[in-house]
Amino acid sequence: MSLNEHSLQALSWRKLYLSRAKLKASSRTSALLSGFAMVAMVEVQLDNSYPYPPALLIAFSACTTVLVAVHLFALMVSTCILPNIEAVSNVHNLNSVNESPHERMHRHIELAWAFSTVIGTLLFLAEVVLLCWVKFLPVKPNKSSNSTVSAGVAAAITSTSIMVPFGLVFIVFAVHFYRSLVSHKTDRQFQELEELSNLTRLQNELDNRGESSILQSPNSHFP
């Protein structure tokens, strides 16, 4: 195996391990958050005597459904692709990396990872806010208190005021992380291209030396 082929094989193996790590993270996160969302939907107890705003119930139902659907999609992609990658990664053969579908399914892996870690997490934050409103809104104010805002509304407002800045911080971090990751990948690709060019030049020099030595060897025997 030449130096160029060995470098390409190492690059393919790094991509395989990265894809496997992303699929594992997506499957664990999706299974955890979708389970929490289903438990929240089942365990929430609505007060039949309280007139809930229809927009609140519709938003809670839609957010829970979309949250579960997004995480189940990511979980399905991880479940379908991960066994094929695991089977190849457990084989101790450098050429077996070509049998892995991680490069062909690269877009599906990235989509599952984005659904699980970015979109699914944002939906889960929205789910927590809506759940607080659904849970605490029916709490009636104390008759002895002179406050116009009930304890339930105050609790819901407090949870919303805490979660909104945290959601903004999460979005800023996600954008910054994505830009940093893209910059890192770009720098790494330039470095890998430079390494490949150096390996190609070194391989050509070795080939030229081998050809020159072969051409000079007959002259040494027949002066």
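What is the one condition in (1) open to solvent by 20 Å² or more (accessible area, probe 1.4 Å); (2) more than 30 Å from Gln189 (Cβ to Cβ) that Ala21 does not satisfy?
In the conditions (1) open to solvent by 20 Å² or more (accessible area, probe 1.4 Å); (2) more than 30 Å from Gln189 (Cβ to Cβ), Ala21 misses (2) alone.
Give me the residue from region 45-69 that is part of a loop (DSSP other than H, G, I, E, B) and aromatic (Phe, Trp, Tyr) and, out of that set, nearest to Leu32 (Cα to Cα). Spell out how you get there, then give the answer.
Filtering region 45-69 for residues part of a loop (DSSP other than H, G, I, E, B) gives 45-53.
Then drop every residue that is not aromatic (Phe, Trp, Tyr), which leaves 50, 52.
On the way: Tyr50: 32, Tyr52: 29 Å.
By that ranking, first place goes to Tyr52.
Can you say whether Ser61 is of a type in the set (S, T, N, Q) and surrounded by 14 or more Cβ atoms within 10 Å (Cβ to Cβ), as far as the supplied structure shows? Can you show your working first?
Details: of a type in the set (S, T, N, Q): yes; surrounded by 14 or more Cβ atoms within 10 Å (Cβ to Cβ): no.
Answer is no for this residue.
Kindly indicate which of Ser197, Ser180, Ser159 is over 25 Å from Arg14 (Cβ atoms), out of contact with any His (no Cβ under 8 Å at 6 or more places or on another chain), assigned to a helix (DSSP H, G or I) and open to solvent by less than 60 Å² (accessible area, probe 1.4 Å). Steps first, please.
Details: Ser197 fails: over 25 Å from Arg14 (Cβ atoms); Ser180 fails: over 25 Å from Arg14 (Cβ atoms).
Selected residue: Ser159, the only one of Ser197, Ser180, Ser159 that is over 25 Å from Arg14 (Cβ atoms), out of contact with any His (no Cβ under 8 Å at 6 or more places or on another chain), assigned to a helix (DSSP H, G or I) and open to solvent by less than 60 Å² (accessible area, probe 1.4 Å).
Determine, yes or no, whether Ser61 is at pLDDT below 85 and polar (S, T, N, Q). Write out each step before concluding.
Details: at pLDDT below 85: no; polar (S, T, N, Q): yes.
When the stated conditions are applied, Ser61 does not pass them.
In this structure, does Glu99 turn out to be modelled with pLDDT of 90 or more and either open to solvent by 70 Å² or more (accessible area, probe 1.4 Å) or not basic (Lys, Arg) (or both)? Give the steps one after another, and end with the answer.
Numbers: modelled with pLDDT of 90 or more: no; either open to solvent by 70 Å² or more (accessible area, probe 1.4 Å) or not basic (Lys, Arg) (or both): yes.
No, not satisfied.
Condition check: of a type in the set (Gly, Ala, Ser) and either modelled with pLDDT of 90 or more or more than 21 Å from the chain's Cα centre (by Cα) (or both). Does Ala126 satisfy that? If you could, list the steps in order and put the result at the bottom.
On the way: of a type in the set (Gly, Ala, Ser): yes; either modelled with pLDDT of 90 or more or more than 21 Å from the chain's Cα centre (by Cα) (or both): yes.
Yes: the conditions hold for Ala126.
If you scan region 125-141, which residues turn out to be part of a helix (DSSP H, G or I) and free of Cβ contacts under 8 Å to residues at least 24 places away in the same chain? Talk me through it step by step, then tell me what you get.
Applying the first criterion (part of a helix (DSSP H, G or I)) to region 125-141 yields 125-136.
The one that is part of a helix (DSSP H, G or I) and free of Cβ contacts under 8 Å to residues at least 24 places away in the same chain: Phe136.
Would you say Leu131 is touching a Gly at 6+ places or on another chain (Cβ under 6 Å) and at pLDDT 90 or above?
Working: touching a Gly at 6+ places or on another chain (Cβ under 6 Å): no; at pLDDT 90 or above: yes.
No: the conditions fail for Leu131.
Looking at (1) farther than 24 Å from Met105 by Cβ; (2) out of contact with any Ser or Thr (no Cβ under 9 Å at 6 or more places or on another chain); (3) at pLDDT 85 or above, which is the one condition that is false for Leu32?
(1)
The values are calculated or read from the model by the stated rules, or taken from the named source; none is laboratory data. Just so it is clear, the model here is predicted, and its values are computed rather than measured. Reconstructed Cβ throughout: ideal geometry from the backbone, glycine too, with neighbour counts over all protein chains shown. The accessibility values were calculated without ligands, DNA or RNA, using every heavy atom of the protein model including side chains. Shrake-Rupley method; radii C 1.70, N 1.55, O 1.52, S 1.80 Å.
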